[in-house]
Amino acid sequence: MSEASGLQYVSPYAFEAMQKVDVVRLAALSDPELRLLLPCLVRMALCAPADQSQSWAQDKKLLLRLLSGVEAVNAIVALLSVDFHALEQDANKEQQLRHKLGGSTGESILVSQLQHGLTLEFEHSDSPRRLRLVLSELLAIINKVADSSGEYFLKSSELFESPVHMEEAADVLCILQAELHTLLPITEMAEALLHVRNGAWFLCLLVANVPDSFNEVCRSLIKNGERQDEESAGGRRRTEALRQLCKMNPSQALKVRGMVVEECHLPGLGVALTLDHTKNETGDDGVSNMVCFVSGLLLGTNAKVRTWFGTFIRNGQLRRRENSSSVLWQMRKQLLSELMSILPAAKKTQIPQEGDPKRAASVYCGLKEEHVVKASALLRLYCALMGIAGLKPTDEEAEQVLQLMTSRPPATPGGVRFVSLSFCMLLAFSTLVSTPEQEQLMLTWLSWMIKEEAYFESTAGVSASFGEMLLLVAMYFHSNQLSSIIDLVCSTLGMKIVIKPSSLSRMKTIFTQEIFTEQVVTAHAVRVPVTSNLSANITGFLPIHCIYQLLRSRAFTKHKVSIKDWIYTQICETTLPLHQQLLPLIDVYINSILTPASKSSPETTNKPITELEILKVFQGHSGESPRLNQRHKITTQLLLLYYLLSYEEALLANSKTLAAMQKKPKSYSSSLMDQIPIKYLIRQAQGLQQELGGLHSALLRLLATNYPHLCIVDDWICEEEITGTDALLRRMLLTNSVKSHSPKQLQEAFSVLQSNHTQLMQILEHLTLLSASDLIPYAEVLSANMSQLLNVGVPRRILQTINKLWMTLNTVMPRRLWVMTVNALQPPLKLARQHKYTQNDLMIDPLIVLRCDARILRCPPLMDITLHMLNGYLLASKAYLNSYLKETADQDIKPSPSNAMALAGQAETMEVTREELKNALLSAQDSAAVQLLLEICLSSEEDKTQDNTEGEESLLCNLREVQCLICSLLHQMFIADPNIAKLVHFQGYPCQLLPLTVAGIPSMHICLDFIPELIAQPELEKQIFAIQLLSHLCIQYALPKSLSMARLAINVMGTLLTVLTQAKRYVFFMPTLPCLVSFCQAFPPLYEDTMSLLIQIGQVCASNVATQTRDFDPVITRLQQLKEKPKELPSTFSLTPLSVSTKEAESVDPDVQLCQRVESTIIEIIYMSVTGV
């Protein structure tokens, strides 16, 4: 708007005085400045004030004195004397008339027909007519704006263009807005003034006379503005008007800029306001407001704002209006001047020549420390402008940016950051290097980076230096992982930009052939020191990233460089929270140990961490009782545990492949694993899950695979109870006296147990208040003295407390505790020999656990411990045999180059055979354990004697409690592997245990699945056992499936009646006939079939007796009567067999006894059906 360039605008000083109504400051204004503010000041002086204070009265006097000397005041007073009510009515009528006529400018109510031009009319008119002339013209513009549908137009109006009458016209505008603010809202007036020449000047005067409307006017103009103001003349005029408003009120300029960003309108205005603000900034060395503003738009989180401003940049380049009137050009010029202001002086004029190192050294003066942060901000801004907004730099811009990128900053954290940004920008925008001189400059700078990175890291005191990034990029180039380089560049720059992989081809050649060959990379990486106290809090690219990539690409094994020591040292230098790259590093390291880099050279593998190095980390932690003093120690121990478990799992998984390659990596010894406190470490990891990331879950997975006996569900439940709220409340009762009990005092209390129970009980009760880890020193004393608890007279409370303490210790040191307990509970003879079992012995033969002192079998608290250990060692034995099978896989393969096909078939057959043998051994082991446990459930003579003495209270005896514990364990075993239940029942066990097993083991219902198969066995003993088992199952589980099984059993019994000999018939039917009573009790519909079967049996037996001795028909007759008329059962037959002679009763004839058993069975069935019992 150059037409208003010669006009005087309201100064910021004057506007601030108007805002604060500072009459003293207003009095200091010059006459031309004061003239612009007269409309508001005159109204202020004439109108009755709301402020009746004495201070305002004084200010008003000063104001009147100030106005008395100004001639133009009289004209404004005359304007204020008009009847504004009549004027508003006429204006409303004219508006209505315009709407009727469709906006045509014909007859006017406000102004009669003009005799002369508008300017002459205004000059010759009095105040009322002047108001009407301006109001009519203004309403015409407002109506045209409303009808223009957003299209910009410039209204030619001599009233607003005449330099002679502009001040009077401005006075009239201000008076009209003040008196007719309902008819003429200031926002509509502001919008209308944009469509006339000198509109910005009129708008500034209008706002200056109504200073509190500044924000309202600015927001309205911005909201109605264009998204891209540089695109149209209207947008540029709106931007210029708002820019003049902000010059008048500079304190609100940044707030107006915020409105621009909020609305995503007028980006040129935002830049222009920033340019104006930057010019007013003091010349400090900080980051300028322009850099901050543009960086915030392009690098902020608001994608809408980023797209909006990026469009402004792209469109500005397309127009090519590269002159001073372009806001984009002014912005680029400002940024370039800021960049050049921080460049070292020599850099601005000289570029080092190839082969002239002295000159190069003299030219390379360093970047000043106070300029480093600003230089980094400028680099990121140019990256954003080129990568996000699509800015195409000019030759001058590209040259200066490259000069800044290749500057050498001081060795500070900011300098490290600057070099990293420069390096990534060089990769992202390789087009900045276009000439041989620039390429030589880049190579010299890269060589300087390689040489100085160690010095920078040591001097700057940062863990993540640019040296690691150089190595990482070199490795990516060698492995052709260009996408990873792009991700690295975007991550370092902090922005997502599009980088074409093809643009990296020249940089790839430089890196792989000139700077970093693969061998150089590998040798250099090993010498890079580890990161001290590595944790997730250390960001950036670290040595661990480089080592990880080199391990993945197998560079260390290819060039025979040992990396084991570096990895071990880095694992030892870790702390919480765990760095996310550690677990992938360990995984790829394990893979490089086991898997050769190529099949042609199987020896090219890394070395594993030695057992001695691992034990150093756990040094002083005997068995499973570590006392961690340093916080980072637990991190190292957990990582090494993860390494060991992952290594063993990977070794077993690759055993076949390694055997085929005739390569046998060494497995870690069992003695090493015994010295590592696995369960304790898992508990520690559980409490640090948030800081350990995914390490805890990974350890649990490996534990379930390699050590299933440490993942027993009961243990986890018990652990929840031990570490829960109740336990915490109990520990709050902990006193100093509790802490004073030493293991030695506990041993002394055990030694006097026979004479003094109280002392031991007190110490044990106090120990229950300790945490599991605090109990560890007492474990050996507790387990060693368990045999004393088997003596007569030991209170049950002591036994239960020992059980509780043992279960608590089991949560932190299960494996060592189990071995100590098994050795302590041996029979007295073995204890006298001091025979000690090892962990390996117990895993090979878990049944050793049951070869304990016989008194334990009737001591429920200790039996509970024994069963817990038995279950654990059965699981451990399975894992042991599985791992042993995989470890010895190479024994299946005997190399024979003459017959490879036959060898493969033989290996497969051997594998199947070994697997079957292993499964058979495990099944035999489990079934033997079950049989032994069932045998323990049988009553001994001592138990029967005890039952006779206790009478009705026999269900509360030790035997019953032991039976419940055993049934609980058998239930778990049957659920875990139903085949064990099938195997045990096919083997059979004493029938007097059937009531106990069926009622006490909830999973016994699975036996219904294999009853038909068991009945079909050729041995009579198994058939008898099957029918007896089924009779109890029918009572316990009266299901449709049980009914069909009972029918099957009756049919089988009927079939066998016809095929069995006399001796076998007696052997089979004597124990099975009582089972028919249970069938009928569970399923009454089987009554007819059962009675028919019994009559058949009776007839067969009676006929055999009759042929040998005498007529036995009366017996058959009575049986028929009982079947046909059961309700007429004589009282003499109520529950006793039929009356027979003494000779008959004493008969040893099998058929006679069988007939008697048939008769008694029928009577029981009839009595049950009659009485309902």
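The values are calculated or read from the model by the stated rules, or taken from the named source; none is laboratory data. What you are looking at is a predicted structure, and each value in this text was computed from that prediction instead of being measured. Every residue, glycine as well, gets a Cβ built from its backbone with ideal geometry; the counts of neighbours run over all protein chains shown. Accessible surface is based on the protein model in full, side chains and every heavy atom, while ligands, DNA and RNA are left aside. Shrake-Rupley method; radii C 1.70, N 1.55, O 1.52, S 1.80 Å.
Which whole-percent values make up P(r) of segment 177-263 when all C-alpha to C-alpha distances are grouped in 5 Å steps starting at zero?
Here the calculated profile for segment 177-263 is 3, 15, 28, 28, 18, 8, 2, 0.
Counting other Cβ atoms within 10 Å of each Cβ, which chymotrypsin sites (Phe, Trp or Tyr not before Pro) in segment 141-244 have at most 13 and sit in a DSSP loop?
On the way: sites: Tyr152, Phe153, Phe160, Trp201, Phe202, Phe214; in loops: Tyr152, Phe153.
For chymotrypsin sites (Phe, Trp or Tyr not before Pro) across segment 141-244 that sit outside H, G, I, E and B with at most 13 neighbouring Cβ atoms in 10 Å, the list reads Phe153.
What are the equivalent ellipsoid semi-axes of segment 1022-1092, built from the alpha-carbon gyration tensor (square roots of five times its eigenvalues), in whole angstrom, biggest first?
Numbers: eigenvalues 85, 30, 19 Å².
For segment 1022-1092, the semi-axes come out at 21, 12, 10 Å.
What whole-number value in Å² describes the accessible area per residue of segment 735-796 for a 1.4 Å probe? Before the final figure, lay out the partial values.
On the way: 2870 Å² over 62 residues.
Each residue of segment 735-796 exposes 46 Å² on average to a 1.4 Å probe.
Measure out, as a whole number of angstrom, how far apart the alpha-carbon centroids of segment 790-857 and segment 363-405 sit.
Result: 75 Å between the Cα centres.
For each pair in Lys223/Lys279; Lys633/Lys878; Lys255/Lys279; Lys560/Lys666; Lys451/Lys564, compute the distance between the two Cα atoms and list the pairs where it is over 21 Å.
On the way: Lys223/Lys279 27 Å; Lys633/Lys878 33 Å; Lys255/Lys279 17 Å; Lys560/Lys666 19 Å; Lys451/Lys564 26 Å.
Flagged as over cut-off: Lys223/Lys279; Lys633/Lys878; Lys451/Lys564.
Out of the total accessible area of segment 765-820 (probe 1.4 Å, heavy atoms of protein only), what percent is carbon and sulfur? Write down the numbers at each step before the final one.
On the way: 900 of 1740 Å².
After summing per-atom areas, the C and S share lands at 52 percent.
If packing is taken as the mean number of other Cβ atoms within 10 Å per residue, what is the order of 171-177, 224-230, 856-862, highest first?
Values: 171-177: 24.4, 224-230: 19.3, 856-862: 21.6.
With the highest mean Cβ count within 10 Å placed first, the list reads 171-177, 856-862, 224-230.
In segment 158-300, what percent of the accessible surface is made up of carbon and sulfur (1.4 Å probe, ligands and nucleic acids excluded)? Present the calculation step by step, with values, prior to reporting the outcome.
Values: 2200 of 4690 Å².
That fraction is 47 percent.
Highest first, please rank the peptides 673-682, 25-34, 250-259 by the mean number of other Cβ atoms sitting within 10 Å of their residues. Walk me through the numbers before you get to the answer.
Values: 673-682: 21.3, 25-34: 14.4, 250-259: 17.5.
Peptide ranking by packing, descending: 673-682, 250-259, 25-34.
What number comes out for the charge environment of Ser1031, summing +1 per Lys or Arg and -1 per Asp or Glu over other residues with Cβ under 14 Å away?
Computed value for this residue: 0.
Sort 332-342, 839-849 by packing, meaning the average of other beta carbons within 10 Å per residue, with the highest value first.
Details: 332-342: 16.8, 839-849: 18.7.
So the peptides 332-342, 839-849, ranked by packing, come out 839-849, 332-342.
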